[in-house]
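**Student:** Dropping a structure here in structure tokens format, bear with me for questions.
Coordinate-derived values only; no laboratory data. The structure presented is a predicted model; accordingly, all values stated were derived computationally and were not measured. When we count neighbours, we look across all protein chains shown, and the Cβ atoms used for this are built from the backbone with ideal geometry, even at glycine.
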């Protein structure tokens, strides 16, 4: 449980994600071997589908690690700095950096802070629809999808918050405390990025400072009036507040994830369909 809480309190490094992926691939191959030995067609198909999914994700993470290593040798800027990148790739890069469900506006602001180009937040609505339609046709067509967060109460999509399909289900769920908890996690991620940029002497540090300020200002003790932002102080304050709500937040998210665990892949990624109350609807149009 403690290890799980630590994972949720900070984004996993790419190396950690690769290691976890490799372990899951081992488990999937073991399941395939067992299914073949016991002549279990359904188990074989499940294992093969999982292996294909994990292999695609491993390739994406390997590419991300390679880009990250190249950037570390040059200037401390993210993969999103590559010009002409599609909107979905910009969104996935930003989400991986932020480490928590984020609004289109925050994703756009973060991209702008690091690249100087701000995609219009209004474009993300059509992106989300395009992603869902493409996934319906072939869920294995891409290693990662831009998907909405899922409500812990209704288990339906929250379109105003975006996530990555490569994240664990619990991480993509929003409970009663998750907005605040994720805000603190984002503050920690932005602070880490700020420290990295300052160390590299990158001009983007000022942009990240402006983006971080409203997050840090909402955390008691994180910043001092009229004083420069201190990364260590912000992270300490954010982790202190997060520790007060993290256990309850994780418990709610995990309970919701358990309810979705037996659902198909599409429901796990896009949530349950919204059910219309026909009685209320009939009254509304009378």
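**Student:** Each label point is 7 Å from the Cα along the Cα-to-Cβ direction; what then is the distance between the points at residue 13 and residue 37, in nm?
**Tutor:** Output for this residue pair reads 3.6 nm.
**Student:** Quote the FRET efficiency, to the nearest 0.05, computed for residue 258 versus residue 230 with a Förster distance R0 of 41 Å and r equal to the Cβ-Cβ distance.
**Tutor:** Efficiency computed from Cβ-Cβ geometry: 0.55.
**Student:** Can you list, largest first and rounded to whole Å, the semi-axes you get for the range 85-272 by taking the square root of 5 times each eigenvalue of its Cα gyration tensor?
**Tutor:** 29, 21, 11
**Student:** Can you tell me the FRET efficiency between residue 245 and residue 168 if r is taken as the Cβ-Cβ distance and R0 is 22 Å, rounded to the nearest 0.05?
**Tutor:** 0.70
**Student:** Here's a follow-up. Calculate, in nm to one decimal, what residue 138 and residue 267 gain on full extension: separation in residues at 0.36 nm each, minus their alpha carbon distance.
**Tutor:** Stretched out fully, the residue 138 to residue 267 stretch lengthens by 45.0 nm.
**Student:** Okay, moving on. With each pseudo-label sitting 7 Å past Cα toward Cβ, what's the residue 213-residue 103 distance in nm, one decimal?
**Tutor:** Reported label-point gap for residue 213 and residue 103 is 1.8 nm.
**Student:** Points 7 angstrom from Cα along the Cβ direction at residue 179 and residue 29: gap in nanometres?
**Tutor:** Label-label distance for residue 179 and residue 29, simple model: 4.6 nm.
**Student:** I need the P(r) histogram for the range 187-232: all alpha carbon pairs, bin width 10 Å from 0 out to the longest distance, whole percents.
**Tutor:** Histogram of Cα-Cα distances, whole percents per bin: 29, 60, 11.
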